[in-house]
1. What single numbered condition from (1) exposed (fewer than 12 other Cβ atoms within 10 Å of the Cβ); (2) part of a helix (DSSP H, G or I) fails to hold for residue 57?
2. At pLDDT below 85, exposed (fewer than 11 other Cβ atoms within 10 Å of the Cβ) and touching a strand residue (DSSP E or B) at 6+ places or on another chain (Cβ under 9 Å), is that true of residue 142?
3. For segment 110-120, give me each residue that is surrounded by 12 or more Cβ atoms within 10 Å (Cβ to Cβ) and either part of a helix (DSSP H, G or I) or modelled with pLDDT of 90 or more (or both).
4. If you go through segment 100-109 one residue at a time, do you hit one that is surrounded by 15 or more Cβ atoms within 10 Å (Cβ to Cβ) and modelled with pLDDT of 90 or more?
5. For residues that are modelled with pLDDT of 95 or more and either in a helix (DSSP H, G or I) or under 30 Å from residue 124 (Cβ atoms) (or both), tally how many sit in segment 75-86.
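The values are calculated or read from the model by the stated rules, or taken from the named source; none is laboratory data. Not measured: the values here are computed from a predicted model. So basically every Cβ, Gly included, is an ideal-geometry build from the backbone, and we count neighbours across all protein chains shown.
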Amino acid sequence: MWTLSPNQINTPSPVTDITEDVISLHIPLEYFQKFVSEDMIQALNGTSINTHTKEIEKLIGMYLMTGLVQMSGVRMYWETDTRYSPVSDVMSRNRFQYLWTSLHFVNNLTVSEMEKKDKLWKLRPWLDKFRQKMPARWYQKNTTLWMR
């Protein structure tokens, strides 16, 4: 006789100890800095785009804000009828677009063909640093759920 066997699904267990850390933060920048260090920002701060660490932080913050209030085009955050001040008041549209299109996480000329086989090769060094920066206690072991 055929019977349905349970499917094993691995899911991360709920993280319960983050709450205290998050509550103690006063501004979103403090939360951001728990994961992204200044040296990570400096790695993005190329002399060819004539910028500095604080401007890159603003750029990333603006990009995150555009994810909260989505519009059909980036220019709309600066348009008169659809202006979104948490983005438009931080820097000009032209500067935002210039920095965003000029931003590089890795020097394309120094990457080997083997490294380029990784789908995330353009972000890999930065993602590795991000993972190292993440507090170890925030990682949870997978737990197994049995489903019918």
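1. Here residue 57 meets the rest and fails (1).
2. yes
3. Once the filter is applied, which keeps residues that are surrounded by 12 or more Cβ atoms within 10 Å (Cβ to Cβ) and either part of a helix (DSSP H, G or I) or modelled with pLDDT of 90 or more (or both), segment 110-120 yields only 115.
4. The answer is no, given that none of the residues of segment 100-109 is surrounded by 15 or more Cβ atoms within 10 Å (Cβ to Cβ) and modelled with pLDDT of 90 or more.
5. Residues flagged as modelled with pLDDT of 95 or more and either in a helix (DSSP H, G or I) or under 30 Å from residue 124 (Cβ atoms) (or both) within segment 75-86 amount to 3.
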